[in-house]
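Chemist: First, the structure itself, so that you have it in front of you.
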Amino acid sequence: MSFKEMSDKTAIVQQVRFKLAAFSLVFSTLAIIQLIAFLFSITGSQSSGGMSDVMVYQVTEINSNLIVIFTLLWALAIPFGMLSRDQRQMEFMFVTNRFVSHVSNLVFIVWMALVAAFFTVALTLTLHVTAYVVLDDVSVETILSLSDLAILWLFTGLWVLLIATTSYSLAVLMRLHTLLKVIGPAVVLGLLFYQTPVAPFIEWIVLETTIAWFALKVLLTVSVISLVVVFGIRQLEVRR
Amino acid sequence: MSDIQLKNVTKRYRQKTAISSLTLDIPDKSMTGLVGPNGAGKTTLLNMIAGFEKTTDGELTVFGEEPFDHLNVAANLFYVHDGMMYPQDFRIADVFRAFQTNYPHWDQALAEQLAQHFGLDIRQMPRYLSKGQASTLNAVIGLAVHTPVTLFDEPTTGMDYGVRRDFYRALLKSYLATPRTIVLSSHLLNELEDLLEHVVLINRGELVLQTEMDDLKHYAVGVSGTEEQLNGLENVLYQESLGFNQHFWVIEHPGESDLNRLREQGLSVAPVAPADLCVYLTQTGKGDIDDVF
């Protein structure tokens, strides 16, 4: 029996293949969550009404905002599961180290973003068609063009990527020390809701109206976070 | 230089020291038993050798490298333990396929034959297995993975006697067919006497004894007699009072001529089984269970 030299590249490919097969439930969860959002959305996301001497009216808008919001909540939660004790036991049963583990997890997150965006676009189209067929008195205000769908796909994908990567880095940090499990979320909420240097940074991304610039800013942020995690945090033990 | 070497290795968890300045060489291509009472530090030691946990102090090398976070160590060492987890929607066949993809020396035919022998349906999902069956599946994987170093941490937990016996036999046959370094931690040393070549006994994180199994079988003898008869014996490992001024002492084997001399003095001399010896060596100062009642 010979000693086998293993390269990072081979190990990453093996781990990504394994995770794509092993984490298939992640996408089942997405499907269920989006279906719930779909059911909420079919009756209308925003509603307004009024009355005059001659009539009472109510306008209900049907859009896929809720599907996107639920998808982002899913993107926030999944990375914490990826770093659970059970998942790490499973992962370290095969050939890996901390570098390979982080890189393969981040590749999986990219795959999550692509699939989630695709699901969202598909469900948005389904929502519009279903509403048109099922509901009475539907007035079509806008017809989604191919470019609209492409923008929705890119927008959802980038947001899922940004949120899942940020969530992953937080999950990694929180596993470094027990105290960080309490301090971590508190600091994040503090940074978001109080005047801190983080607020202008978030605005810098969120308020961007050009999709190309938005994409560039998200990809830049995700790259920086990923590099910090991959090369900075390699001391996590696999406790039993 | 052996594949697994420890020099003054210490592992501390906050205030608790699990492994204390342990120096050890595990012989290559051998079957080594890691024994010791509960809390001796066996699992912690295996976790560190497998690269799951870092050492707090000292030098631990596997294939000449520090195992923590080392990819080549991970590729050439497999660790069987009761915390092994499989994907929720995987069947046993999928698990085997995943190992086949990840480990180049994986013996798929052996894995399937062993699964069939032990009554594991490869269409079954591991999450529905009983504790004993889950241990059996882990053990089958450990046998088929064929890495240069394989660690087994209490592999027979939950297995019934028949399965344990077959597992030991399969382990021996697999080892003879493909010699490799196997470290096996267990409480059941009496079942492993004919399997192991070397024994490492640890207690409270410290090395008590490292020896070959054949030497361990003749390491000590039990001597019974009155206190007056026993006083003066050297290299005493364990003492127990039997009542009515009768005592049982375990001493290091003094050589055949000295044993005959003891018999002539009216002392009763009997061999000590390795499993019992390990209990005596780690029980010092604790007294007998009868002292509780």
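Just so you know, all these numbers are worked out from the coordinates, no wet-lab data involved. A quick note: this is a predicted structure, and the numbers were derived from the prediction, not measured. So basically every Cβ, Gly included, is an ideal-geometry build from the backbone, and we count neighbours across all protein chains shown.
Chemist: What nm distance separates the two modelled labels at A:Val129 and A:Leu144, each placed 7 Å from Cα along Cα→Cβ?
Modeler: Reported label-point gap for A:Val129 and A:Leu144 is 1.1 nm.
Chemist: Could you derive backbone 3J(HN,Hα) for the range B:264-270 from the dihedral phi with the Karplus parameters 6.51, -1.76 and 1.60 (θ = phi - 60°), listing whole Hz in sequence and x where the residue is Gly or Pro?
Modeler: 5, 7, x, 7, 8, 10, 9
Chemist: At 7 Å along Cα-to-Cβ for each site, give me the label-to-label distance between A:Leu176 and B:Tyr13 in nm.
Modeler: 2.2 nm
Chemist: Which of the aspartates and glutamates could a cross-linker bridge to B:Lys173, judged by Cα under 15 Å and excluding same-chain residues fewer than eight apart?
Modeler: Result set, ordered by chain and number: B:Asp107, B:Asp194, B:Glu197.
Chemist: Would you grab the residues whose amide H sits under 5 Å from the one on B:Thr10? Only those 5+ places off in sequence or on another chain, please, with H modelled 1.01 Å from N.
Modeler: Answer set, sorted by chain and number: B:Ser21, B:Leu22, B:Thr56, B:Asp57, B:Gly58.
Chemist: Treating only the Cβ of Lys, Arg, Asp and Glu as charged (+1, +1, -1, -1), what charge dipole size does chain A show about its Cα centre? Round to the nearest 20 debye. Numbers along the way, then the final one.
Modeler: Working: 13 positive and 13 negative charges, 327 e Å.
Dipole magnitude for chain A comes out near 1580 debye.
Chemist: Starting from the Cα-Cα distance between A:Met55 and A:Ala77, subtract it from 0.36 nm times their residue separation and give me the gain in nm to one decimal.
Modeler: Numbers: separation 22, 0.36 × 22 = 7.92 nm, distance 4.63 nm.
Difference between extended and current length: 3.3 nm.
Chemist: Something else: Over the alpha carbons of the range B:216-291, what is the largest minus smallest coordinate on each principal axis, giving the biggest first in Å?
Modeler: Computed over the range B:216-291, the largest-to-smallest principal extents equal 33, 31, 16 Å.
Chemist: On to the next question. List the lysines whose alpha-carbon lies under 18 Å from that of B:Lys11, not counting same-chain residues fewer than 8 positions away?
Modeler: Qualifying lysines at Cα under 18 Å: B:Lys42, B:Lys54.
Chemist: Which value results when the Cα radius of gyration for the range A:109-223 is divided by 2.2 N^0.38 Å? Please report the intermediate quantities before stating the final value.
Modeler: Numbers: Rg = 18.2 Å, N = 115, 2.2 N^0.38 = 13.4 Å.
That ratio works out to 1.37.
Chemist: Let me ask something else about it. Working from Cα positions, state the angle (0 to 90°, nearest 10) between the long axis of helix B:108-117 and the longest principal axis of chain B.
Modeler: Result, in degrees: 60.
Chemist: Which Cα, out of B:Gly243, B:Pro254, B:Met159, lies furthest along the positive dipole direction of chain B (beta carbon charges, K/R +1, D/E -1)?
Modeler: Going by the Cα projections, it comes out as B:Met159.
Chemist: Also: How high is the relative contact order of the range A:81-240, in percent, counting Cα pairs under 8 Å that sit 6 or more residues apart? Mind showing how you got there, number by number?
Modeler: Working: 96 pairs, mean separation 56.0, N = 160.
Relative contact order of the range A:81-240: 35 percent.
Chemist: Okay, next question. Pop out the ³J(HN,Hα) list for the range B:243-248 in order, Karplus 6.51 cos²θ - 1.76 cosθ + 1.60 with θ = phi - 60°, rounded to Hz; leave Gly and Pro as x.
Modeler: Listing the rounded values in order: x, 6, 6, 9, 10, 10 Hz.
Chemist: Quick one: putting +1 on the C-beta of Lys and Arg, -1 on the C-beta of Asp and Glu, what dipole do you get for the protein assembly as shown around its Cα centre, in Debye to the nearest 20?
Modeler: Charge dipole of the protein assembly as shown: 1180 debye, to the nearest 20.
Chemist: What is the pair-distance distribution P(r) of the protein assembly as shown, computed from all Cα-Cα distances in 20 Å bins starting at 0, with each bin given as a whole percent?
Modeler: 18, 40, 26, 12, 4, 1, 0
Chemist: Then there's this: Which parts of the range B:204-225 would a label at B:Thr56 reach, counting a residue when its backbone N lies under 20 Å from a point 7 Å out along Cα-to-Cβ?
Modeler: So the set is B:204-208.
Chemist: How much of the DSSP bridge set in the range B:4-213 is antiparallel, in percent, rounded to the nearest 5?
Modeler: Details: 19 of 36 bridges.
Counting only bridges with both partners in the range B:4-213, antiparallel ones make up about 55 percent.
Chemist: How big is the equivalent ellipsoid of chain A along its three axes, where each semi-axis is √(5λ) from the Cα gyration tensor, reported in whole Å from largest to smallest?
Modeler: Details: eigenvalues 313, 91, 55 Å².
Semi-axis lengths for chain A are 40, 21, 17 Å.
Chemist: Please get the size of the charge dipole for the range B:216-291, origin at its Cα centre, with Cβ charges of +1 on Lys and Arg and -1 on Asp and Glu, quoted in debye to the nearest 20.
Modeler: Its charge dipole is roughly 200 debye.
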